[in-house]
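Trainee: My questions will all concern the structure given below.
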Amino acid sequence: GQQVMQIPQYQHVQEGEDFTTYCNSSTTLSNIQWYKQRPGGHPVFLIQLVKSGEVKKQKRLTFQFGEAKKNSSLHITATQTTDVGTYFCAAYNNAGNMLTFGGGTRLMVKP
Amino acid sequence: AAGVIQSPRHLIKEKRETATLKCYPIPRHDTVYWYQQGPGQDPQFLISFYEKMQSDKGSIPDRFSAQQFSDYHSELNMSSLELGDSALYFCASSLRQGAGNTIYFGEGSWLTVV
């Protein structure tokens, strides 16, 4: 199935600092999705990127899809304690019936 | 809005016992996915169904089976449970399968095998 690698695995930041997580694939992706999972919770869909070089923003979150559609990033500006959780990128296989998650980046924010 | 409903939320079983998890997708969603998430791990795809037919299979052990019923709900049956089966099991649903569809996760079923 589709494999996506995500770094870093963990990130500790001070509240107010920025945070970025990166997702990489060895193959071209048709699209990429991002999810957030709070501690003890379930993955919640954040956004989907489809076009090469696409950039989307949701308040303090900026999502980018690489020009070659092999990598993506999520950047959070001025983190808040409510941003705590694990952020996953995910990609579908070619048949579109299996969504594979990256390893996730666990974000911890110190107040 | 209605979400994906999973039951039971918590389950404790002994080794070699059998467990069944149930999933009720969002109304009108025809595709169901099962994921297993161990502590500190990312969700691992087990199996998916589209229109009551198995669509794809991931890292699902032979001891596990699943099906989707005529009302689109799905059940994951796990037999000969092992300690390593202890995990959070998510069901997710989407409207149609295909890359680009958003899948919505249930809150998960915690299985502890002792």
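Since every read-out is calculated from the coordinates, none of them should be taken as a lab result. What you see is a predicted model; the values in this text were computed from it and never measured. We place every Cβ from the backbone using ideal geometry, glycine too, and count neighbours over all the protein chains shown.
Trainee: How well do other chains shield peptide A:97-109, expressed as the mean number of their Cβ atoms within 10 Å of each residue Cβ?
Mentor: Details: counts 15, 11, 13, 5, 7, 1, 3, 5, 0, 1, 0, 0, 0.
Across the residues of A:97-109, the mean count of other-chain Cβ atoms within 10 Å is 5.
Trainee: Additional query: Could you work out the mean count of beta carbons from other protein chains within 10 Å of each residue's beta carbon in A:86-95?
Mentor: Partner Cβ neighbours, averaged per residue: 3.
Trainee: A further question follows. What is the total of Lys pairs in the protein assembly as shown with C-alpha atoms under 19 Å apart, excluding same-chain pairs fewer than 8 positions apart?
Mentor: So the count works out to 12.
Trainee: Moving on to the next point. What ranking do B:90, A:65 get, fewest neighbouring Cβ atoms within 10 angstrom at the top?
Mentor: Ascending Cβ contact count within 10 Å gives the list A:65, B:90.
Trainee: Same structure, new question: What's the exposure ranking of B:83, B:88, B:76, going from fewest to most Cβ atoms within 10 Å?
Mentor: Going from least to most buried by this count: B:83, B:88, B:76.
Trainee: Using packing as a proxy for protection, rank A:9-21, A:36-48 so that the peptide with the highest average count of other Cβ atoms within 10 Å comes first.
Mentor: A:36-48, A:9-21
Trainee: Also, quick follow-up: Let me know the whole percent of all Cα-Cα pairs from the protein assembly as shown that are separated by more than 21 Å.
Mentor: Values: 13825 of 25200 pairs.
The proportion of pairs with Cα distances above 21 Å equals 55 percent.
Trainee: Just checking the output field for A:42-48: average partner chain Cβ neighbours within 10 Å of each residue's Cβ?
Mentor: That works out to 5 on average.
Trainee: Based on the alpha-carbon set only, what is the convex hull volume of the stretch A:4-110 divided per residue, in Å³?
Mentor: Spread over its residues, the Cα hull of the stretch A:4-110 gives 86 Å³ apiece.
Trainee: Also: Restricting everything to alpha-carbon atoms, can you work out Rg to Rh for the stretch B:5-113 with a Kirkwood hydrodynamic radius? All intermediate terms of the calculation are to be shown ahead of the outcome.
Mentor: Working: Rg = 13.0 Å, Rh = 13.7 Å.
Ratio value, two decimals: 0.95.
Trainee: If you don't mind, there's one more thing I want to ask. In the neighborhood of residue A:41, defined by Cβ-to-Cβ distances under 15 Å, what is the net charge if each Lys or Arg adds +1 and each Asp or Glu adds -1?
Mentor: Result for the neighbourhood of residue A:41: +1.
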